Structure formats: C-alpha cells, structure tokens
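Colleague: Let me begin by handing over the structure; questions about it come next.
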Amino acid sequence: MLAVFYYDGRSSRRQAAALSLSHGQVLVSGDWGQRRATLDEVKISEPMGTAPRTLRFADGAFCEIADTPGLAALLAAAGHREAVSVRMHQRWSIALGALAATLAVVVAAYLWLLPAAADYLAPRLPGTLVAQMSDAALASLDQHMLEPSALPPQREVEISRRMAAFAAQGGLPAYRLHFRATPAGIPPNAFALPAGDIVIFDALLKELSDDEAIAVFAHELDHVAHHHGLRMLIQGTVISTLAALYLGDISSLVAALSTAALQANYSQGFESEADLYAAQALKRSGRSPLLLASALEKLEAGALKQGQRKNKTQEGHEEEGWFERHLSSHPSIAQRSAAIKALAD
Ligand SMILES: [Zn+2]
C-alpha cells in the first residue's frame, strides 16, 4: 500500500488515500470511499525524474503519487511493465547524457587542458632528465637507423664553424651539432632533440647550399628554444610521461621521442612559429629569409623523390608510406614557403 492523494476530477479538493495493486486491479481507498479499476483502465504518467506521477481513471479522477520509487516497486511487483518507450527513453537519455558529458570532458581536456599542461610542463622538466632523454634517443637512433656521417672531417668543421658564427648573434638556445648519414630511402633532413641536439643528414648538406642549411638549422633551433618537441611528446604520451616522472623510468619516453624526433611531427602552429623565428634570425644575420623557403622546397623535392622510390620498390603493397603520413600531418610546404616569402618583403 502506498500513501497518495486522491482528486475526484470535479473539484480541486485533495484527499488522503491508500493505493494498492493486486491481480491486475487498482484499489484506491480513503475516508471518502474507494475506487477500483483494472490496470488496463487507468493511465499512469511517465516517470520524469523525481516529479510526482499520476494515476488517472477514465472519468478524470486521479491520484497524485509522490513516492515514485514506491509506485515503481508496486508496479513491478504487480508484473506491470512500463511502456517500452518510457524505459528506452529513460535509459537512452541517461546514456546519451553521460556520453555527451564524457565526450565534452575528453574533448576539452584534449583541446585545452592537455596542450596547456604540456606548455606548462615542457620548460619545467629537469634539465638532467631532458638531457638524459635526448642522449638516449640519439643513441637508440644511432643503433637502429642512423649511420656515421661520410662527410670529410674538414667539411664538418666548416659547417660547424658557419653555424656557430650564425648562432653567435645571440638569442638562440645552446645546441650540439651531430652529423649523420642515413640508409637509402630516408629523405634528406635535419631534426632536433629537446636538449638542443641538432642532427643533420649528409644528404641535406648535399641538396642544400650552406646558407640554406643554416636556414634549416635556425628553424630546428626554434623547435628547441620553444620546447616544441617536448610539448608534442608530452601531449602524445601524457600517461607514459607522468609514469616516467613518477617511476623515474624513461625508456618508453625515449622510444616515443626517437620516432617523434625523426618524423618531426610538429603541429602546423609549431612549424609556422619555427619558420617565423628562423626568418627573423636569418634577417638579423644579414641573410634573406627566402633561404628557408628554398631549403624547404628542395627538401620536399628530395622527400618526394625518396617517396616515389620507396613506393616503387614496394610495388604499392604499402598503401600509406612514411612520406604520405608525413605530408598528411604537416602543413603544406607551399603554404609555408608562401608565408616565409611574405615575411621577406
Ligand atoms: Zn620543423
């Protein structure tokens, strides 16, 4: 039995009553008398959160039931099933609401919180940890992929001297230059590790003029100066970064860093920032920012050649190669060189 209020449907008078259900029969009784009907003859309102529900007789009289869990229990005990639409509606709206809320939190975290956390953390990581990670990443790349440079020693000295002279203008982060060769199939390139290690491939120095190589060097130095590598790394591996900081085990980070550094998967924003910075540094050193645009175009042509060669040797078995992935996640070189040319004016 459930305590309810009964309205006779003719007046607004509210009367105390007791509601019970048995054998498909509804019985409402009080001091005013009693009403009977079968469950099929009454209309029970749909549940709406915690709002009172009504049980309405055919002649307009109705009961107001505040104890909705009690009513649900009575109905369930009587073997009455809520209309399918009601149950579906309740479950779906709860499920959809929860899903939407979860998605909103995840998207917000991904779009704002994670980059903000990465921006905050990157410059604050202990220098020794960053150095340790960079050293380990370079060692791992040396072991698995990179080859010793075949440049004549005097050429290395010459390039190092030119880059040191360029960096002497100030405002640039500390760096260490590394010369490496690569197996066939790897496009001419240069990349930066977070501690300031700039790795330059022999093929890049072959394809570019020395001044163009300096333009690329300036661009890579900006990735270091603004912690682009670390920021991407933290965003991409937030869980392992936290685990690494907590456990002091950086092996998973090193693995992520070595692939990320090589693929240079910086966001469009980071690339534009590095381009801008490099263009300014080139201007300060009395060089034209156009050197960077021509370097990018030559490197792209070199990557394209390698990409085609690679696709040919694999006879199209690999539908998406390194080059395509690289292109899809990168701002187009045409866009970037147009922006650099605009800066040069
Ligand atoms: Zn870059």
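Colleague: Using each residue's phi in the stretch 266-283, evaluate 6.51 cos²θ - 1.76 cosθ + 1.60 at θ = phi - 60° and report the 3J(HN,Hα) Karplus result to the nearest Hz, with x for Gly and Pro.
Modeller: 7, 6, 4, x, 5, 4, 5, 4, 5, 4, 4, 4, 5, 4, 5, 5, 5, 4
Colleague: By average Cβ neighbour count within 10 Å, what is the ranking of 124-130, 16-22, 176-182 from highest down?
Modeller: 176-182, 16-22, 124-130
Colleague: How far, in nm, would the chain grow between Leu39 and Gln169 when pulled straight, counting 0.36 nm per residue and subtracting the alpha carbon separation?
Modeller: Net length gain for the segment: 37.8 nm.
Colleague: Quick one: Arg10, Arg231, fewest Cβ neighbours within 10 Å first, how do they rank?
Modeller: Ascending number of Cβ neighbours within 10 Å: Arg10, Arg231.
Colleague: Could you put His144, His228 in order, starting from the residue whose Cβ has the fewest other Cβ atoms within 10 Å?
Modeller: Exposure proxy ranking, most exposed first: His144, His228.
Colleague: Need the list of lysines near Lys305 for cross-linking: C-alpha distance under 18 angstrom, and skip anything on the same chain fewer than eight residues off.
Modeller: Lys206
Colleague: If you rank Val157, Val216, Val26 by fewest surrounding Cβ atoms within 10 Å, what's the result?
Modeller: In increasing order of surrounding Cβ atoms, one gets Val157, Val26, Val216.
All of the numbers you see were taken from the coordinates with simple rules; none came from a lab. Computed from a predicted structure; not experimentally measured. Positions of Cβ are backbone-derived with ideal geometry, glycine not excepted, and every protein chain shown enters the neighbour counts.
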